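The values are calculated or read from the model by the stated rules, or taken from the named source; none is laboratory data. As the structure is a prediction and not an experimental result, all values here were calculated from the model. Cβ placement follows ideal geometry from the backbone for every residue including glycine, while neighbour counts extend to all protein chains displayed. Note: accessible area is taken over every heavy atom of the protein model, side chains too, but ligands, DNA and RNA are not part of it. Shrake-Rupley method; radii C 1.70, N 1.55, O 1.52, S 1.80 Å.
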Amino acid sequence: QHRGSAVRRVCSETFAVRTNKMAATEKQILCVGLVCLDIINVVEKFPVEDTDTRCLSQRWQRGGNASNTCTVLSILGAPCGFMGSLAPGRVSDFVYDDIRRYGIDVTNVIVHAESSFPTSIVISNISNGLRTILHTNRNLPDVNSEDFRKIDLSLYKWIHWEGRNASEQVAMIQQVEQFNATLPAEHRITTSVEIEKTREPLYQLFGHGDVVFVSKDVARHFGFNSASEAVKGLYSHVKPGAY
C-alpha cells in the first residue's frame, strides 16, 4: 500500500511538472466560476425520509463546474487556469492541493478570509445511476468584473464562464471583446459560456460567447426534448456566428 501511494505521488508530480512546462510556452484556457467541496455518498437506493441509511462508500472530492472543466482540460494536456473564490481553512487546503496535483494555474484565485467554503452533498444511487445534490454557499462571493479587470488577457487563448453572476460576467466578456478589437482575428481570445441552471438572469449570457453550452434542464425549460431540438430552437438566442 505504501509503495502504491508513493507511485501515485510520483506520477502526480510528474504530471504537474509536464503540464507546467507546457503552460510556460503556450497560452492558457481560463475557466471562471465555482470551486467547492463535494462529499459523495454512494448508496444502493435513494434513502427514505426519516430513516438511517448506510452508504456503500463516501469520499471528499473537489467539485464546481469551472473547477471540473479545468481538470478535464489538464488531463487532455491543455494548459489551463482557474479563476474563482476560495475561503481559507482545511477544506480549502484539500481543494488547493488537488488543483495543484493537476497542474492547474491558480494565479487568479481570490481568497475571502471571512467567508465559508461552499459544499455539496451528493447522493449517488447506483441502482439507477441518478444523483441528487444538496448545495450550500453561505457567504462566499463570486469573482466580479473588477477582479477580472486585473488579469493579463494576453496570457489566454480561450476564456470560459460558468454561468453564475451573469451581469458581472457579461461585463467581463465585454472587457475581452474590447481587448480582441485591438488584435488580428487569429490572435483573438475565444469566449464561451455555460448556462446550466434554469434561472432567468443567466439567460442574458445566450447573446455572449463564441460558444454556448446549455444543460439538459435549460433545454427542457425552453420546451426542447432532445439535443438537436435545443440547438435549432436556441440558435436565434446566440450572437451571429456562435456555436
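List of remarks:
- Subset tally (residues that are at pLDDT 95 or above, open to solvent by 50 Å² or more (accessible area, probe 1.4 Å) and closer than 21 Å to VAL176 by Cα) for region 211-243: 1
- Here is the figure for region 43-62: residues that are open to solvent by less than 50 Å² (accessible area, probe 1.4 Å) and at pLDDT below 95 total 1.
- Residue count, region 122-132 (criterion: assigned to a strand (DSSP E or B) and either among the β-branched types (Val, Ile, Thr) or in contact with an Asp or Glu (Cβ under 7 Å, 6 or more places away or on another chain) (or both)): 3
- Identity of the residue in region 63-79, open to solvent by less than 30 Å² (accessible area, probe 1.4 Å) and among the polar types (S, T, N, Q), that ends up nearest to LEU155 (Cα to Cα): SER74
- Total residues in region 113-139, condition within 21 Å of ALA66 (Cβ to Cβ), open to solvent by 50 Å² or more (accessible area, probe 1.4 Å) and not charged (D, E, K, R): 7
- Index of the failed condition, PHE82 passing every other in (1) in contact with a helix residue (DSSP H, G or I) (Cβ under 6 Å, 6 or more places away or on another chain); (2) assigned to a strand (DSSP E or B); (3) over 25 Å from ASP152 (Cα atoms); (4) not acidic (Asp, Glu): (3)
- Residue match in region 223-234 (condition: touching an Asp or Glu at 6+ places or on another chain (Cβ under 9 Å), over 25 Å from LEU140 (Cα atoms) and either assigned to a loop (DSSP other than H, G, I, E, B) or of a type in the set (Val, Ile, Thr) (or both)): yes
- Count - residues of region 133-163 that are among the hydroxyl-bearing types (Ser, Thr, Tyr), at pLDDT 95 or above and part of a strand (DSSP E or B): 1
- Screening region 173-205 for residues that are touching a Ser or Thr at 6+ places or on another chain (Cβ under 8 Å) and either of a type in the set (Val, Ile, Thr) or open to solvent by less than 20 Å² (accessible area, probe 1.4 Å) (or both) and picking the one that is farthest from GLN28 (Cα to Cα) gives ILE195.
- Test set (1) modelled with pLDDT of 95 or more; (2) among the polar types (S, T, N, Q); (3) over 17 Å from the mean Cα position of the chain (by Cα) - GLN169 fails condition number: (3)
- Test for ALA23: is it touching a helix residue (DSSP H, G or I) at 6+ places or on another chain (Cβ under 9 Å), surrounded by 11 or more Cβ atoms within 10 Å (Cβ to Cβ), small (Gly, Ala, Ser) and at pLDDT below 95: no
- Within region 70-93, restricting attention to residues that are more than 18 Å from ILE110 (Cβ to Cβ) and not small (Gly, Ala, Ser), the residue that is modelled with the lowest pLDDT is ARG90.
- Yes/no for VAL91 being assigned to a helix (DSSP H, G or I), in contact with a strand residue (DSSP E or B) (Cβ under 9 Å, 6 or more places away or on another chain), touching a residue at least 40 places away in the same chain (Cβ under 8 Å) and surrounded by 15 or more Cβ atoms within 10 Å (Cβ to Cβ): yes
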